[in-house]
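Single-structure report; data block below.
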Amino acid sequence: MNPDLGRLVAYPFERLARLKAPLKSPTGLRHIALSIGEPKHAPPAFVLQALRDGMDELGSYPATKGLDETRDACARWLERRFTLPAGSVDAGRMVLPVNGTREALFAFVQAVVDRTAEQPAVLMPNPCYQIYEGAALLAGAEPVYLDTTQANGYLPDLDAIDAAMWRRCQVLFLCSPGNPVGSVLSREYLRKALELAARHDFMIAADECYAELYDDESDPPPSLLAVAHEMGNDAFRHCMVFHSLSKRSSVPGLRSGFVAGCPDTMAKFLLYRTYHGCAMPIPTQRASILAWNDDVHVRENRALYREKYERVVPILSEVLDVERPEGGFYLWQKVPGDDVAFTAGLFETQNVTVVPGTYLARDNAGSNPGAGRIRLSLVATIDECVEAACRIRDFVRRG
């Protein structure tokens, strides 16, 4: 067996299941899950219809590179959403459909990390999406954790990394808006990251799957690609961005996304994926094209999350210090006492499931930046989110 499998840490939801297993929830309260970031909004009807209409194309093997129309829809969306010049994203050379960002983030690291280098490192925010860590470990690299805390604005501190570590760095993971912290990386921040990547020759893997979920309608989160273009980096060297329809269009089960960036890197990543056997089914591509081409349903989706924050935050603010995030659909909430004990008690008395912050972060330099926090995923219905907030408020009041 691959010896690196022994270095993997149990996924947060496995640990959460073990925590809850011996507990008894109250029978008189319906369960409300605010744990998994699985959108529950109704998916666009036209996406579902396209899937039904496309079943006759299941008789053909899809190409790993995807349909020309799929790559073009993704490229045009990037240009439209991030105000890139028309034609600046070469759909044929810079875009590749993937079966959700999760599998693509993992596969990308396997393809680009050079195991023969001395002490290869993959840098990532802490807390983070655990796929970043697992991808680094199974590529034979060291995960290096950059704590994101209230003190540093929930941003990975690039200035705290010394030159020796930058020389070891092969991939820098960035997530904006961040999971679970909800922070948005500014243009200035992304510019600094790109300058470091050019100086030390590493790839930036920008996980932008929450980019369509933001609080300020007049100030959407920027993309790494847009900042690279502003800097004159028209070939998007050192850049790879990851996007998904899961959050944008509330279709997590569709497993549809794309990667875009440096054409030289993309060519090698495509070669890797032809052996990986991960081509997107053609009916999925047909439905995805329609989703990427439509922005109306996304604005409606975003408005639902905004309403949840507007309803939930005042309730929780009665008993907790609540910070409304810039983007995403999470609350990275500070709670009294131990976060694991809080999670267990909340489930046992209120039948509400959240995720302990320590499960989403790693001990680093003697502390865990997730300690004393929980992650609430506001993915349930508005009424359920409000009811859950009331139960959390009551649980905190009772001590």
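Read the figures in this text as sums done on the coordinates, not as results from a lab. None of the values given here were measured: they were computed from a predicted structure. With ideal geometry, Cβ positions are generated from the backbone for all residues, glycine too; neighbour counts draw on all protein chains shown.
Data for the structure
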item: Cβ-defined net charge surrounding residue 67, 12 Å radius [Lys, Arg +1; Asp, Glu -1]; result: -1
item: Long-range HN-HN contacts of residue 148 with modeled amide H, under 5 Å; result: 126
item: Most mobile of 184, 98, 386 in a GNM of the chain (Cα contacts under 10 Å); result: 386
item: For residue 173, distant residues with modelled amide H under 5 Å away; result: 123, 124, 205
item: Modelled FRET efficiency - R0 51 Å, residue 304 with residue 7, Cβ distances, 0.05 increments; result: 0.80
item: Once exposed loop GluC sites (Glu not before Pro) are cut out (DSSP; at most 11 other Cβ, 10 Å), longest piece of the chain; result: 218-399
item: Hz values of 3J(HN,Hα) by residue in segment 182-197 - Karplus curve (6.51, -1.76, 1.60), Gly and Pro given as x; result: x, 7, 10, 7, 6, 4, 5, 5, 5, 4, 4, 4, 5, 5, 5, 4
item: Summed residue charge, Cβ within 14 Å of residue 21's Cβ, Lys/Arg positive, Asp/Glu negative; result: +2
item: Formal net charge of residues neighbouring residue 286 (Cβ-Cβ distance under 10 Å; K, R +1; D, E -1); result: -3
item: Residue 69-residue 318 pseudo-label distance in nm [points 7 Å out on the Cα-to-Cβ vector]; result: 5.2
item: FRET efficiency, residue 36 to residue 397 (Cβ-Cβ, R0 25 Å, nearest 0.05); result: 0.40
item: Residue-span extension gain [residue 46 to residue 164] - 0.36 nm each, minus C-alpha spacing; result: 37.3 nm
item: Label-point gap, in nm, between residue 55 and residue 348 - each point 7 angstrom along Cα→Cβ; result: 4.8
item: Gaussian network model of the chain, Cα within-10 Å springs - most flexible of 194, 376, 19; result: 19
item: Segment 170-214 versus segment 1-54: alpha-carbon centroid distance in Å; result: 26
item: Positive-end residue of 242, 125, 8, charge dipole of the chain with Cβ unit charges; result: 8
item: Sites residue 195 and residue 23, calculated FRET efficiency, Cβ-Cβ separation with R0 51 Å, nearest 0.05; result: 0.55
item: 243, 229 arranged by Cβ crowding within 10 Å, fewest neighbours leading; result: 229, 243
item: Phi to ³J(HN,Hα) by Karplus 6.51 cos²θ - 1.76 cosθ + 1.60 over segment 262-273, Hz, x for Gly, Pro; result: 3, x, 5, 5, 4, 4, 6, 5, 4, 4, 4, 6
item: Point-charge dipole on Cβ atoms (K/R +1, D/E -1) for the chain, about Cα centre, debye to 20; result: 800
item: Vicinal HN-Hα couplings computed from phi for segment 363-372 (Karplus, 6.51 cos²θ - 1.76 cosθ + 1.60; Hz; Gly/Pro x); result: 4, 8, 6, x, 8, 10, x, x, 4, x
item: Histogram of C-alpha separations across segment 45-294, 10 Å bin width, %; result: 7, 33, 38, 18, 4, 0
